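What follows is a single structure, written as structure tokens, with notes after it.
The values are calculated or read from the model by the stated rules, or taken from the named source; none is laboratory data. Remember, it's a predicted structure, so these values are computed and weren't measured experimentally. We place every Cβ from the backbone using ideal geometry, glycine too, and count neighbours over all the protein chains shown.
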């Protein structure tokens, strides 16, 4: 399968690396020092799940050099979505699948507004990974799983084919019967874990060990569930308890991508996470004080490390 990885960060680099290792025809869209390192020395993936490996791969910052592909794995940060969708237009042909595995709940719809709904598939990725150094992806926690499905619900011949492609690459993948529900289930998880690891600057194990921070994390998750139900998302009963149980199984040293972006002075995906919770809460008259506090405390860092005027 001809594949383009749109956004070769932690998620795109990890899953794209596994696809390339399995023999798929993968091109990585990257930029800056990361791109130069991949071109010079290959892409290195360090993972407790899959073992470490280095591959010589195709990489570019000019998508039109690649042309139409069968799959675009869309992994850019949410604040770069609009720019990246315009850049990826040359990659989209009549039979292209665009699988977004970004954080947040509305990325697939934003992509569909530009390229049409036909190519777009919704998805979520459960993996803790980041760029450890230019050309190096470190996967440190999480199951390394992708769940995906058609935006209208259910599966199709193309999603079945994509499932087989992922499985051949050793990627744990599942088809979602209702991708809206799956997106919101992950949204509960990342708003809790992402926000509180960033807010406290602590890994999950220390957050869970402190009753007050653990209560804060669980409170954020419960607020997101209340917003989801106000939006008429049919979350299963007990979903909060399931998210909390999954949280308890994650490695104690795990930190979120929101934390890593904060720690390195990068822009934050704050609007796609807690900003969305707060806005939808206001719209549906659902109180979200813990998400608002998280949003407000991190807002000065949203565009990178703040400086005095």
With the requirement that a residue be surrounded by fewer than 20 Cβ atoms within 10 Å (Cβ to Cβ) and either in contact with a strand residue (DSSP E or B) (Cβ under 6 Å, 6 or more places away or on another chain) or in a helix (DSSP H, G or I) (or both), what does region 143-158 give you? 143, 145, 151, 155, 156, 157, 158
If the requirement is being under 22 Å from the mean Cα position of the chain (by Cα), touching a residue at least 40 places away in the same chain (Cβ under 8 Å) and within 19 Å of residue 104 (Cα to Cα), which of these qualifies: 250, 243? 243
Select, from 269, 283, the only residue that is at negative phi and not in a loop (DSSP other than H, G, I, E, B). 283
Name the single residue that is farthest from residue 108 (Cα to Cα) among those in region 172-187 being in a loop (DSSP other than H, G, I, E, B) and out of contact with any strand residue (DSSP E or B) (no Cβ under 6 Å at 6 or more places or on another chain). 177
Could you check, for region 241-250, whether at least one of its residues is in contact with a strand residue (DSSP E or B) (Cβ under 7 Å, 6 or more places away or on another chain) and either surrounded by fewer than 22 Cβ atoms within 10 Å (Cβ to Cβ) or closer than 25 Å to residue 176 by Cβ (or both)? yes
When region 193-251 is checked residue by residue, the ones that are at pLDDT below 95, outside any helix (DSSP H, G or I) and in contact with a helix residue (DSSP H, G or I) (Cβ under 7 Å, 6 or more places away or on another chain) are 250
Take the conditions closer than 30 Å to residue 51 by Cβ and at pLDDT 95 or above and apply them to residue 146. Does it pass? yes
Which numbered condition in (1) surrounded by fewer than 16 Cβ atoms within 10 Å (Cβ to Cβ); (2) part of a loop (DSSP other than H, G, I, E, B); (3) on the phi < 0 side of the Ramachandran plot is the only one that residue 254 fails? (1)
Region 1-24, residues that are farther than 19 Å from residue 102 by Cα and touching a residue at least 40 places away in the same chain (Cβ under 8 Å): 1, 2, 21, 22, 24
